[in-house]
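Only one structure is covered here, and it is reproduced in the block below.
The values are calculated or read from the model by the stated rules, or taken from the named source; none is laboratory data. Note that the structure is a prediction, hence the values are computed from the model and not measured. Glycine also receives a Cβ, built like all others from the backbone with ideal geometry; neighbour counts cover every protein chain displayed.
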Amino acid sequence: MPAHVSPFIMKKLLLFALLLGGSQLASAQAPLDNGPAPTPPPAVDPTAVPLDGGASLLLASGVAYGLKRLRHRQPN
């Protein structure tokens, strides 16, 4: 170990080298068999629109904002 490199830095470099080497050992392996064939996705109606809670929350927030603006309106 050179005299100008602190032990703290050397420990960090050693930890980095071990983690880098360990990541090479932990790489994924290919499966041994192909497994079952995947099922095709179900057919989706192209005109289907997902109107759920998001649209109703947007509508409710618009109504609440409009009521707030009406209550705080200055009389002419």
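Taking residues in the stretch 1-29 that are at pLDDT below 90, and partners anywhere that are part of a helix (DSSP H, G or I), the pairs with Cβ atoms closer than 8 Å and at least 6 places apart or on different chains are Met1/Pro7; Met1/Met10. The set of residues in the stretch 37-59 that are part of a loop (DSSP other than H, G, I, E, B) and polar (S, T, N, Q) comprises Thr39, Thr47.
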